[in-house]
Amino acid sequence: MPHAFPRVQTDAVRWLARWALLPVMRVWAVAADEKMSDVPRPSDSPTVVVAGPDTDQVLLFGSGASVGRGVFSHALALPGSLGRELAARTGRGAKVDVVANTRTTISSAIDELARIELWRYDAIVLTIGGNDAFTLTSLHAWRRGLFNLIDYVRLHSSRSTQLILVGLQPIRNIPGFDTPLGGVAAWHARAMNQLTERVCAASAHATFVPLPPAPRSSTTRFRTANDYGPWGVVLAGRLADLLEDQA
C-alpha cells in the first residue's frame with residue numbers, strides 16, 4: 001500500500017490540529033454568532049411562490065445560505081432566487097418553503113427535519129455544515145451524520161423526492177470571516193465538502209452540489225439580493241435536471 005503512510009500522516013496532523021484548536025474555535029464560533037445577530041435577515045413568510053402549472057414543491061432547509069442574512073425578504077434571498085430560476089428552467093411553477101436555523105448542525109438536523117412532512121416535497125435542498133466547520137466536527141462524525149441524514153430523508157419522503165446536499169461556501173469569502181481562525185474553518189470545510197461529495201457519489205438517494213464563492217459585495221452590507229442570485233442559478237440548474245430525469 002504505497003500511499004498508506006502519507007494518508008496516516010495527514011490524518012494525524014488533522015487530528016492533532018483539531019485537538020489543539022477545538023476550545024479556541026468553539027469560543028470563536030459563539031462570538032461570531034453573536035456578532036452576526038445584528039445582520040438583517042428575512043422576517044416575512046418563509047414561502048416563495050412562483051406561479052405556473054404543475055408546481056414543483058421544494059424544501060430549503062438548514063443554516064448558512066438558507067438563512068438569508070443581509071436581506072429582509074426570502075424573495076430576495078436564496079429561496080426567491082432558487083424558485084425563480086427553477087420555474088424559468090422547467091416552465092412549471094415553483095413553491096419553495098424555507099426552514100432555516102442559524103444553529104443547525106449535522107447532529108441536530110434529523111430532530112429538526114422530524115417536525116416537517118417531508119413526503120410533500122418533490123425536492124429537498126439541505127444547506128448544513130457551517131457550524132460544524134466552525135467547531136471542527138470530526139470527519140468521522142460528519143460522515144456518520146451524513147449517512148444517517150440521507151437514510152432519514154429517504155425513509156420519510158416520497159420515492160420520487162430529490163435530495164441535494166449543498167457544499168459549504170468558501171468560509172473566508174463570508175464577510176467578517178477572512179481571519180486566521182476563519183482560515184482554520186475553511187481548511188476543515190474543504191475536507192468536509194470532499195467527504196460529502198464522496199458520500200453522495202456512493203448513494204443513489206443524494207446529489208452533491210458545490211457552491212461558488214459569493215461575489216464580493218460592493219456595499220457595506222453583509223450580502224445583497226445580487227449575491228444570492230448565482231447560488232440560485234447553480235442549484236436550480238442541477239435541480240431542474242434531476243426533476244426532469246425523474247419525470
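The values are calculated or read from the model by the stated rules, or taken from the named source; none is laboratory data. None of these values were measured; they are calculated from a predicted model. All Cβ positions, even for glycine, are placed from backbone atoms using ideal geometry, and neighbour counts span all protein chains on display.
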Unique residue being among the β-branched types (Val, Ile, Thr) and assigned to a loop (DSSP other than H, G, I, E, B) when the list is Ile116, Ile110: Ile116
Pairs with Cβ under 8 Å, 6+ apart, first in the range 145-158 and under 11 Å from Leu113 (Cα atoms), second modelled with pLDDT under 95 and buried (at least 16 other Cβ atoms within 10 Å of the Cβ): none
Residue tally, condition surrounded by 19 or more Cβ atoms within 10 Å (Cβ to Cβ), among the hydrophobic types (A, V, I, L, M, F, W, C) and either out of contact with any Leu (no Cβ under 9 Å at 6 or more places or on another chain) or more than 24 Å from Ala31 (Cα to Cα) (or both), over the range 128-176: 10
Which numbered condition Pro79 fails, given (1) in contact with a Leu (Cβ under 7 Å, 6 or more places away or on another chain); (2) touching a residue at least 40 places away in the same chain (Cβ under 8 Å); (3) surrounded by 23 or more Cβ atoms within 10 Å (Cβ to Cβ): (2)
The one condition in (1) more than 29 Å from Val30 (Cβ to Cβ); (2) within 17 Å of the chain's Cα centre (by Cα); (3) part of a loop (DSSP other than H, G, I, E, B) that Val96 fails to fulfil: (3)
Pair list, Cβ < 6 Å and 6+ apart or interchain, from the range 21-47 residues that are at negative phi and at pLDDT below 80 to residues that are among the charged types (D, E, K, R) and part of a helix (DSSP H, G or I): none
Residue that is modelled with the lowest pLDDT [pool: residues in the range 191-216 that are buried (at least 18 other Cβ atoms within 10 Å of the Cβ) and more than 25 Å from Arg159 (Cα to Cα)]: Ala214
Per-region count, the range 96-127, residues under 18 Å from Pro53 (Cα atoms) and either of a type in the set (Asp, Glu) or surrounded by fewer than 21 Cβ atoms within 10 Å (Cβ to Cβ) (or both): 3
Residues of the range 159-190 satisfying the condition of being part of a helix (DSSP H, G or I) and either within 14 Å of the chain's Cα centre (by Cα) or modelled with pLDDT of 95 or more (or both): Ile171, Ala189, Arg190
Residues satisfying the stated conditions in the range 119-149, i.e. of a type in the set (Phe, Trp, Tyr) and assigned to a helix (DSSP H, G or I): Trp119, Phe134, Trp142, Phe147
